[in-house]
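Accompanying notes for the structure given below.
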Amino acid sequence: MVPFVFLASSIFFPFNDNWLHIIDNVLYDYFFNSLALALGVGFCTFIMGTVTAWLTSIFDFPFRKLISWLLLMPLAMPAYIIAITYVGIIDSFGFLPDIRNLPGAILMISFVLYPYVYILARGAFLEQSKELYENSQILGASQLQILFRVSMPMARPSIILGVTLAAMEALADFGTVEFLGVPTFTTGIFRTWFGMNDTVTATQMASLLLTIVFVFVFIEQYSRKKVRYAENIKTQSKLNYKIISNKNKFIVITICLLPLTFGFIIPFLQLIYWSFFLSNEAWNSEFFQIVKNTIFLAFCSAFIILIISVLVTYIKRLSPKSITNKFMQIITLGYAIPGPVVAIAVLIPFATFDNYINQFLISKFNFSVGLIFSGTFFILIFAYCIRFLTVSSRTIKSGLDSISLATDDAAKTLGANTQTILKKIHFPMLKTSLLTGFLIVFIDIMKELPLTSILRPFNFNTLSVKAFELASDEKIVDASNAAIMIVLAGIIPVIFITKNILGKRNKV
Amino acid sequence: MQNTRFLNNYKALHVILILIFTIYPAITSASEVNVYSGRKAKLIKPLLDQFYNQTGIKVNLVTAKSDALIKRIESEGKSSPADILITVDAGRLDRAKKMDLLQSLSNLPVIKKIPKNYIDKDNKWIALSKRIRTIIFSKENTKKNDIKNFEDLANNEWSKRICVRSSNNIYNQSLVASLIANQGEKNAEKLIKRVVENFARKPSGNDRAQIKAVAKNDCDIAIVNHYYYAIMLKSKDVAQRKAANKVGLMFLNQENRGAHVNVSGVGITKYSKNLENARKLITFLLNKKSQEWYATANYEYPVLSTAKTNELLESWGKVILDEEIINQLGDLNPNAVKLMDRVGWQ
């Protein structure tokens, strides 16, 4: 909570002349571009994610399993890397359209973020029961009618969640928009901080951004306040994949391959080409140490974040009116705050606290322990929590919401206490959501940059830091090894987790 | 009731974490020096390893954006482990100095060897290498004599012919700051306004992208740092070399104030706990051999006059540099940013 209080408190500092300057000259651009970016990314990820999720969860076609987990892979591509890659490709083929503009930025970011929508929507589609589908068919609905009138409305919380996450991440993006020359709120925040050396105004801008996001999320939540998305009948009978004609198979495969090709295959091949033919970076033991660091850090942090998310979501379910719950609502918006701002917001309180401890120890015992929180992994993992709690807690919440409260009541009547309900009923039913949340956070942390780079302890390097240092130094070619490793390390959990989600439907 | 049990678990987790992380900083060896570096690991780590091999002093390194590191030193206050701050532009060092985060280097013998313009006037920081903002021109469409001074870029003949990256970039900010220092804010604003009107396209991409744009005839001249051109000329990638060979490099204002120059530099933090080691490291970074490595690693110019400049850079001839105002770049940076906002340099 502390970092949010810190951010909010910035509002109480006097507004200085830089605000006038910003309002007069650039605020309109920042606001318009950020809004357009968030809405554009929201729309594109919605289309790409929902369509691919629906096709892969309803129809049977060759390579379905392979395609359905490959569709997740773009998630492991940092957006700025794919932007640089595409500009590189476009530069070598003159006839392609320029992407150094707002639509280009929307496309680039959407290509790597649609998996949020895909994985969540797919999870929701697969959960929908056979009876529901068959009843709709009996009532004479066509495939598309079922999609638009039954499946999609049922999956609305999941789809909206995916779209929101993508839009929030787009808002907080710096590297991609900066490279493509689109001034947004986030580039403005850094311009004010780095360029004008005005941290106060920069934090105030971040608070404003957060407020806008809060309003949007609030409106969406309010609009479905009265609706609970739980199926009353949960049966084990899952839908069988539909068999379709060869022509349709071809169409389905083509549609699924589109986002996959642009978001993953093309940039990945380009990276491999760079890595093998042009890179000066060696695949040595130092490099593999960095790989180990990255995976270890991401795994531990994702695990801790997952545990905290479960707690947070349960507090909400068990006592929705409590104050803790209201606080949690705010905390889970951390995803829309640009990383470096989160970094200062956690750094300043913890460092101040550390200094108090040291002063106390020195005055009493003439002994100093150094920075207990702010110079260690503690602060880094804490900052990850602030930023990524949104992802995992909302993923788990959307899963939990689909379990009706009647189930809990039934269990209670049978004498089960809260913990038993969690262990015996919720946990098995939430497996998909838990794994999904873990996967997204794990991959996000692997490619996370600003927090890791600013808050890490001495001599601790990760793949994303290495990739960014090289790429930002205009050595994208040398950055290719690190970028490839991020993708490869992302594949392992993707395969493992999609196996678990995939096991759900039987082929006819 | 059940809620509190969850909360207790949560607390237990915190206690465990705290215990783990308390032990961590305690395991540190005696002879070491801690470096916060805004310069990329690849361009400094090998030198720090050499320092360790020669002296046995272990160098601990964190790299990140200079601004973030300065903020980190500020908030860590007296407990900050940082001994040394390295940044890649003079403005940032100046900022750290103004925030009272650095201490004086005046009794460090090595600074006598460095030209005075490359040392802070209060001896709080010292430059390590020079980077020059230059003009890249298309060999096809432009002659070297068409342009002599930065001021020429405001002329109508360059309408829709100039490429440059975004004004978020520190290189452009300090370029504009140098113009303010030389001509005053009003004149600089008039000048930059006209230059911006001559841009061939909306600023995007990095410095290399601007060089490629000139090679592709998207524009005829570009404003870039000299080393990107050098790196492209020496690249393993045929396409990059080809692009670099289509263009030429020239230095501006050679008959008056000199070309705009910025520096990467170093300072010792106010609360340094390994002061002797920090001083040794700076002395090491400024010896002839280190200077040659440090500069060549990124095709920069060394600050130590006895250190050899890289052959390629040497072949470009002697350059006159706008050195006297380096000390003012930091102060003027916010003015430069606002000026660029006002004239619409995105």
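Structural remarks
- Least to most buried among B:Met340, A:Met154, A:Met108 (fewest other Cβ within 10 Å first): A:Met154, B:Met340, A:Met108
- Charge dipole magnitude, Cβ of K and R +1, D and E -1 - the range B:40-154, Cα centre, debye nearest 20: 240
- Counting only trypsin sites (Lys or Arg not before Pro) that DSSP places in a loop and that have at most 10 other Cβ atoms within 10 Å, the longest clean stretch of chain A runs over A:1-224.
- When A:Tyr86, A:Tyr241, A:Tyr114, A:Tyr356 are arranged by Cβ crowding within 10 Å, least crowded first, meaning fewest neighbours, the order is A:Tyr356, A:Tyr241, A:Tyr86, A:Tyr114.
- Between the listed residues B:Asn274, B:Val303, B:Leu329, the Cα displaced farthest toward the positive end of the dipole of the range B:271-335, a dipole computed from Cβ unit charges relative to the Cα centre, is found at B:Asn274.
- Free-standing Cys residues across the protein assembly as shown, given no other cysteine C-beta under 4.7 angstrom: A:Cys44, A:Cys256, A:Cys300, A:Cys385
- Proxy reagent accessibility, fewest Cβ within 10 Å first, across A:His21, A:His426, B:His260: A:His21, A:His426, B:His260
- Under a 5 Å amide H cut-off, with hydrogens placed 1.01 Å from N, B:Leu128 pairs with B:Ser264, B:Gly265, B:Val266 among residues at least 5 apart or on other chains.
- Helix-only CD estimate at 222 nm, as mean residue ellipticity for chain B, using -39500 (n - 2.57) per DSSP H run (n ≥ 4): -13500 deg cm²/dmol
- Sequence-separation-based contact order of the range A:55-141, relative, with Cα cut under 8 Å and 6+ spacing, percent: 37
- Counting only Cβ charges, +1 for Lys and Arg and -1 for Asp and Glu, the dipole size of chain B around its Cα centre is about 640 debye.
- Relative to the Cα centre, the charge distribution of the protein assembly as shown, modelled as +1 at Lys and Arg Cβ and -1 at Asp and Glu Cβ, gives a dipole magnitude of about 1840 debye.
- When the GluC sites (Glu not before Pro) in the range B:132-218 are filtered for DSSP coil states and for at most 13 other beta-carbon atoms within 10 Å of their beta-carbon, the remaining sites are B:Glu140.
- Of the DSSP H helices in chain A, those with a Cα length along their own long axis of 18 Å or more and a mean Kyte-Doolittle hydropathy reaching 0.0 comprise A:27-58, A:79-92, A:102-127, A:156-172, A:199-223, A:246-260, A:285-318, A:339-365, A:377-401, A:427-447, A:476-502.
- Considering helices alone, the calculated mean residue ellipticity of chain A at 222 nm is -23000 deg cm²/dmol, with DSSP H runs of length four and up weighted by -39500 (n - 2.57) and normalised per residue.
- Look at the dipole of the range A:1-123 built from charges on Cβ: of A:Ala105, A:Ala38, A:Ile58, the Cα furthest out on the positive end belongs to A:Ile58.
- Selected from A:Phe373, B:Asn156, A:Pro74, residue furthest toward positive end of dipole (the protein assembly as shown; charges at beta carbon): A:Pro74
Read the figures in this text as sums done on the coordinates, not as results from a lab. What you are looking at is a predicted structure, and each value in this text was computed from that prediction instead of being measured. Because the Cβ atoms are built from the backbone with ideal geometry, glycine has one as well, and the counts that use them run over all protein chains shown.
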